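Visitor: I have a structure I would like to understand better, so I am pasting it below and will then ask my questions one at a time.
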Amino acid sequence: MNRVCDQARAERMSLTAALERLLEIEVEATEARRLAARLRFACLPEPWTLNGFDFAAQPGVDEKLIRDLATLRFLDDASNVLFVGPPGVGKTMPSVALGRAAVEAGNRVYFTTAAELAARCHKAALEGRWKTCMNFFAGPKLLIIDELGCAPRGADGSRGMRGPPPVIAVTG
């Protein structure tokens with residue numbers, strides 16, 4: 001405040017202009033705190049953005065489709081997006097980058113792995129907190145579930161479940 005007052009005196013700003021500047025600073029600080037809180041909540045594993053994604057290094061990734069997803073229209077439509085492919089082909093980075101874009105657009109986002117999600121749901125069910133757990137995962141506008149096809153293996157190499165794995169459908 002002192003800096004703005006000194007600047008207002010030096011530049012002979014009107015009281016209204018000085019107050020507008022103070023309010024502008026406060027709004028910027030509030031928005032920065034909100035963004036930081038949304039980023040903390042999102043638990044994104046890396047600060048990746050689409051600007052840092054090398055589409056040339058991943059020829060199997062459709063740049064036009066990813067850029068279209070970056071408009072975040074799928075959130076308004078409550079549509080699911082599924083990146084499918086073997087490990088190491090570049091699914092996590094665009095997922096995280098889209099999550100970051102959603103956070104920066106003011107949306108609540110949460111990133112987890114399928115194994116973490118299953119473990120938390122299992123623990124919540126055992127503790128009688130299933131509804132609370134489901135409410136938590138239904139809360140964000142965008143839920144990113146990474147490594148969906150990588151169910152944890154038991155010591156004997158089995159998937160540790162009978163029949164097909166459960167399907168989790170999450171809509172915005």
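None of the figures in this text is laboratory data; all of them are computed from the coordinates on show. This one's a predicted model, so the numbers in the text were calculated from it and none came from an experiment. In this analysis, Cβ positions are derived from the backbone assuming ideal geometry, glycine residues included, and neighbour counts consider all displayed protein chains.
Visitor: In the P(r) worked out for the chain, what percent of Cα pairs fall beyond 30 Å?
Guide: 37 percent
Visitor: On to the next question. Grab every C-alpha pair in segment 1-100, bin the distances at 10 angstrom width from 0 up to the longest one, and report whole percents.
Guide: Each 10 Å bin holds this share of Cα pairs: 12, 30, 21, 14, 15, 7, 0.
Visitor: Give me the net charge for the shell around VAL27: Cβ to Cβ below 14 angstrom, other residues only, Lys and Arg +1, Asp and Glu -1.
Guide: -2
Visitor: On to the next question. Taking 0.36 nm per intervening residue step and subtracting the Cα-Cα distance, what contour gain separates GLU63 from LEU22 on full extension?
Guide: Length gained, GLU63 through LEU22: 10.6 nm.
Visitor: Restricting to lysines 8 or more places apart or on different chains, can you count the pairs in the chain with Cα atoms under 24 Å from each other?
Guide: Lysine pairs meeting both conditions in the chain amount to 6.
Visitor: Under the 0.36 nm per residue contour assumption, what length would be gained going from the current alpha-carbon distance of PHE136 and CYS43 to full extension?
Guide: My answer for the length gained is 32.1 nm.
Visitor: Would you mind finding the longest exposed-site-free stretch of the chain, with exposed GluC sites (Glu not before Pro) meaning DSSP loop and at most 11 other Cβ atoms within 10 Å?
Guide: 12-126
Visitor: Right, next: By how many nm would the segment from ALA36 to MET1 grow when fully extended, if each residue of separation counts as 0.36 nm and the alpha-carbon distance is taken off?
Guide: Full extension of this stretch gives 10.3 nm more.
Visitor: Cut-off 10 angstrom, C-alpha nodes, Gaussian network model of the chain. Which of PRO86, PRO94, PRO47 fluctuates the most?
Guide: Highest fluctuation among the options: PRO86.
Visitor: Please say if segment 77-139 is rounded, prolate or oblate, where rounded means a/c under 1.5 for a ≥ b ≥ c the square roots of the C-alpha gyration tensor eigenvalues, and otherwise the choice is prolate for a/b larger than b/c and oblate otherwise?
Guide: oblate
Visitor: Still on this structure, please answer the following. Report the Stokes-Einstein translational diffusion coefficient (µm² s⁻¹, integer) for segment 14-54, Rh taken as the Kirkwood radius over Cα pairs, at 4 °C with viscosity 1.567 mPa s.
Guide: It comes out at roughly 102 µm²/s.
Visitor: Highest GNM mean-square fluctuation, the chain, Cα pairs closer than 10 Å: which of ALA37, ALA124, ALA57?
Guide: ALA57
Visitor: Here is a further query. In nm, to one decimal, how far is the modelled label at ASN80 from the one at LEU126, with both set 7 Å along Cα→Cβ?
Guide: Here the modelled spin labels are 2.7 nm apart.
Visitor: Also, I was wondering about something else. Under a 5 Å amide H to amide H cut-off, with H placed in plane at 1.01 Å, what residues pair with ILE144 once short-range neighbours are removed?
Guide: Placed amide hydrogens put TYR110, PHE111, THR112 under 5 Å from ILE144.
Visitor: Right, something else. Which of the trypsin sites (Lys or Arg not before Pro) found in segment 1-42 are loop residues per DSSP with 16 or fewer other Cβ atoms within 10 Å of their Cβ?
Guide: The qualifying sites are ARG12.
Visitor: Can you tell me which of ILE144, ILE66, ILE25 moves the most in a GNM of the chain? Springs connect C-alpha atoms under 10 Å apart.
Guide: ILE25
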